[in-house]
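Read the structure below first, then the notes.
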Amino acid sequence: MTREPAGKRVKPTDKNRPRDGLEFSFEFFPPKTDVAETRFWNTLSKLAPLKPRFVSVTYGAGGSTRERTLRMVSAINSETGLDAAAHVTCVGATRDEVDRVVLDYANKGISRIVAIRGDPPEGVGQPFQPHPDGYENAAALVAGIARLGRFDISVAAYPERHPQSESWDADIDNLKRKLDAGATRAITQLFFNNGDFLRFLDRARAAGITAPIVPGIQPIHNFTQVSGFAARCGARVPHWLASRFEGLENDNETHALVAAAIVAEQVTDLVKNGCNQFHFYTMNRASLVYALARFLGRRDNT
Ligand code: FAD
């Protein structure tokens, strides 16, 4: 692993609220190779001047990226001037192991945690079996983290319901438990029909949830890849969306233009409906998120 990958130094930005009244956060995954790591830092350099509220790094399925997540989050925190958030899951780990990971973050000055249950290694379709000495779900994980110190905790929410939830009521109750246990906001699973998100928001508010519910926006860098990923998460890919990308498999330029138009349409509509916070699943790529931010009026370091 190269010690100083190209683009690693990101110019620190001040943390004043941007003038457009919108708040962005950006999600990355920990890179596996030197080439991927260079892209990670280049993407971060490009997006940093947009002044995200925080930048989060995921935790691979089954905790498989624990060391890499820790390394990337620590480097973002110490070298970029951005607020870094670490995803932590409880799948396949004892409470003590999870607690040690969280305390490691705290010792490195990282207090933002995205607390997630995680899925079994076989995927979201399989029932979740907690470790016998582990946290049994995300609500228990949040409570455990909150006991360890003062953390800013985000949790997951599902505009189309979690695939394993028994009913809407059970799904919303579960979200409420996570927030009551000490989380400050929910970030949603990706979704493509804004109606699903807005109905979900209504259900949550009707159940007395007042915490911010931040829409998770997935720009479509590659429709085939994103639709496969959405299917694995239990998120619906509507027919109208698939038809917009039909036949563009070998036409990268048009694909990128269509993707930019779609994400601009989705986010503009959410802004019109009163949303002012957005979490972007960047897939470690800058172009669509950067273009969208410009489209919304955000300028570098403004
Ligand atoms: P939970 O909230 O614990 O539960 C999910 C569902 O299980 C609930 O909707 C509920 O129906 C059911 N359930 C839970 N507890 C109970 C109970 N006591 N009684 C009845 N039903 C119950 N995965 C990773 O591996 N790494 C990541 O970094 C990661 N980051 C993510 C970030 C976001 C913003 C999102 C939306 C998802 C992320 N995921 C990640 C995926 C996540 O692991 C899966 O969606 C997982 O299936 C559920 O995690 P959760 O935290 O929502 O679980």
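Summed over region 264-302, the residues that are at positive phi and at pLDDT 95 or above give a count of 3. Could you tell me which residue of region 164-181 is most open to solvent (accessible area, probe 1.4 Å), considering only residues that are farther than 15 Å from residue 141 by Cβ and of a type in the set (Asp, Glu)? The selected residue is 166.
Residues in region 112-128 that are away from the ligand (no atom under 11 Å from the Cβ) and either over 18 Å from residue 214 (Cβ atoms) or free of Cβ contacts under 8 Å to residues at least 40 places away in the same chain (or both): 122 only. For residue 161, the conditions (1) within 24 Å of residue 136 (Cβ to Cβ); (2) more than 10 Å from the ligand (Cβ to nearest atom); (3) open to solvent by 50 Å² or more (accessible area, probe 1.4 Å) all hold with the exception of (2). Every condition in (1) within 23 Å of residue 281 (Cβ to Cβ); (2) without any contact (Cβ under 8 Å) to a residue 40 or more places away in the chain; (3) within 8 Å of the ligand (Cβ to nearest atom) is met by residue 166 except one, and the failing one is (1). Mind checking whether some residue in region 270-279 is β-branched (Val, Ile, Thr) and crowded, with 16+ Cβ neighbours inside 10 Å? Looking for residues that are β-branched (Val, Ile, Thr) and crowded, with 16+ Cβ neighbours inside 10 Å, one finds none in region 270-279, hence no.
A single member of 214, 226, 289 is in contact with an Asp or Glu (Cβ under 9 Å, 6 or more places away or on another chain) and either crowded, with 16+ Cβ neighbours inside 10 Å or closer than 30 Å to residue 122 by Cα (or both), and it is 214.
The values are calculated or read from the model by the stated rules, or taken from the named source; none is laboratory data. Nothing here was measured: the structure is a model prediction, and the numbers come from that model. For neighbour counting, all protein chains shown are included, and Cβ atoms are generated from backbone atoms with ideal geometry for every residue, glycine included. Remember, those area values only see protein heavy atoms, side chains included, never the ligands or the DNA or RNA. Shrake-Rupley method; radii C 1.70, N 1.55, O 1.52, S 1.80 Å.
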